[in-house]
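> What follows is a single structure, and I will ask about it in a moment.
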Amino acid sequence: MKKYTDSGKKDTRSGFGDGLTVLGKTHENVVALCADLTGSLKMDAFKENHPERFFQVGIAEANMMGIAAGLTIGGKIPFTGTFANFSTGRVYDQIRQSIAYSGKNVKICASHAGVTLGEDGATHQILEDIGLMKMLPGMTVINTCDYNQTKAATLAIADHDGPVYLRFGRPKVANFTDPDQPFRIGEAVHLQDGTDVTLVATGHLVWEALQAAETLHEQGISAEVINIHTIKPLDNKAIQDSVKKTGCIVTAEEHNFLGGLGESVARVLAESTPTPQEFVATQDTFGESGTPEELMEKYGLNADAIVKAALKVIARK
């Protein structure tokens, strides 16, 4: 069983900021727009190094999306930055009409997603954004698991032609992936082989899935762990190949079970390989104020919840 080591907790939003800083040097057409949250999105270095390519739009997110769409017409590659709630729910009409419908090359970069936003509470903790964005035709949806992967994804999407939703978080979490990893959009990362159950996770739940796999190993259960960083387009083959070996699957995400990764996986299985599945996700509810750890525990978004789901789904085989 392969063991993964936390090289030191770092926030995924800093991975975005550092990736954007690199792009400022390597991609002269990359421009950045922010809705009055430059520090929170870690966009300060880009702003300082390239003031002529940085646009502080203020608390006017809908306007930011319109400006970003317009900038693409002149060949620019705009990266927009604000909280996930304001990147999607507040501006859905502008994204649908001005960006997705015409396939504009805008990179919608969204921090503070999910309940791990913490103390700011339910009004800021969007748990529906993956569903909103994956339903838009032509939209690529990415949800990264740690600092290293977020930085790699930020670099990769600059070279991808078309609209992208890049989702990341606020808290410092385990940083365990290779700092020199290649990031291939739409290609799952196989973290660990297993024969008894497949654990498919995205975002902050990938580390929790690895911890759950260790606990299951101690109980004599072999868990296969797959990191789904790209929810759309989904790596159907990776999922299908795994469940053919294990015969059951658990999906884990910091998102509502309605509309998220789990539903996308269920569709793939229903079409090709009907398989028992359990969902680790929020259960059609809003969040609330609390520390990230308290909220992950309350809403069943941790390694313990994944272990329980794995035992349940194995019993259904």
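> Considering every residue within the stretch 51-65, establish whether at least one is over 21 Å from the mean Cα position of the chain (by Cα), without any contact (Cβ under 8 Å) to a residue 12 or more places away in the chain and under 18 Å from ALA158 (Cα atoms).
Checked against the condition, which is being over 21 Å from the mean Cα position of the chain (by Cα), without any contact (Cβ under 8 Å) to a residue 12 or more places away in the chain and under 18 Å from ALA158 (Cα atoms), the stretch 51-65 yields no hits at all.
> May I pose another question? Mind counting the residues in the stretch 46-69 that are open to solvent by 30 Å² or more (accessible area, probe 1.4 Å) and part of a strand (DSSP E or B)?
Residues flagged as open to solvent by 30 Å² or more (accessible area, probe 1.4 Å) and part of a strand (DSSP E or B) within the stretch 46-69 amount to 2.
> Also, quick follow-up: Quick check on VAL22: is it assigned to a strand (DSSP E or B) and more than 20 Å from the chain's Cα centre (by Cα)?
No: the conditions fail for VAL22.
Yes/no matrix, rows are residues, columns are (1) in contact with a helix residue (DSSP H, G or I) (Cβ under 8 Å, 6 or more places away or on another chain); (2) small (Gly, Ala, Ser); (3) farther than 22 Å from MET133 by Cβ:
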| residue | (1), (2), (3) |
| --- | --- |
| GLY247 | no, yes, yes |
| GLU253 | yes, no, no |
| GLY259 | yes, yes, no |
| VAL265 | yes, no, no |
| VAL268 | yes, no, no |
| GLN277 | yes, no, yes |
| GLY287 | yes, yes, no |
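> May I pose another question? Select from the stretch 238-265 the residues that are part of a helix (DSSP H, G or I) and not basic (Lys, Arg) and list them in ascending order.
ALA238, ILE239, GLN240, ASP241, SER242, VAL243, THR246, LEU261, GLY262, GLU263, SER264, VAL265
> May I pose another question? What's the number of the only condition in (1) open to solvent by 20 Å² or more (accessible area, probe 1.4 Å); (2) part of a helix (DSSP H, G or I) that LEU234 fails to meet?
Just one mismatch for LEU234, condition (2).
> Here's a follow-up. Restricting the stretch 183-213 to residues that are of a type in the set (D, E, K, R) and surrounded by fewer than 24 Cβ atoms within 10 Å (Cβ to Cβ), which is farthest from TYR165 (Cα to Cα)?
ASP196
> List the residue pairs whose Cβ atoms are under 6 Å apart, where the first residue sits in the stretch 280-295 and is in a loop (DSSP other than H, G, I, E, B), the second is surrounded by fewer than 17 Cβ atoms within 10 Å (Cβ to Cβ), and the two are 6 or more positions apart or on different chains.
ASP284/LEU258; PHE286/ALA122; GLY287/ALA122; GLU288/ALA122; SER289/GLU119; SER289/GLY121
> If you don't mind, another one. Considering each residue of the stretch 17-37, count those that are open to solvent by less than 40 Å² (accessible area, probe 1.4 Å) and in contact with a helix residue (DSSP H, G or I) (Cβ under 6 Å, 6 or more places away or on another chain), and give that number.
Qualifying residue count for the region: 9.
> Tell me whether the stretch 257-276 contains one or more residues that are under 21 Å from the mean Cα position of the chain (by Cα), among the aliphatic types (A, V, I, L, M) and crowded, with 24+ Cβ neighbours inside 10 Å.
Yes, because at least one residue in the stretch 257-276 is under 21 Å from the mean Cα position of the chain (by Cα), among the aliphatic types (A, V, I, L, M) and crowded, with 24+ Cβ neighbours inside 10 Å.
The values are calculated or read from the model by the stated rules, or taken from the named source; none is laboratory data. Keep in mind that what you see is a predicted model, and the values were worked out from it rather than measured. Methodologically, a virtual Cβ is constructed for each residue, glycine included, from the backbone with ideal geometry; neighbour enumeration extends over all protein chains shown. Heavy atoms of the whole protein, side chains included, go into the accessibility calculation; ligands, DNA and RNA do not. Shrake-Rupley method; radii C 1.70, N 1.55, O 1.52, S 1.80 Å.
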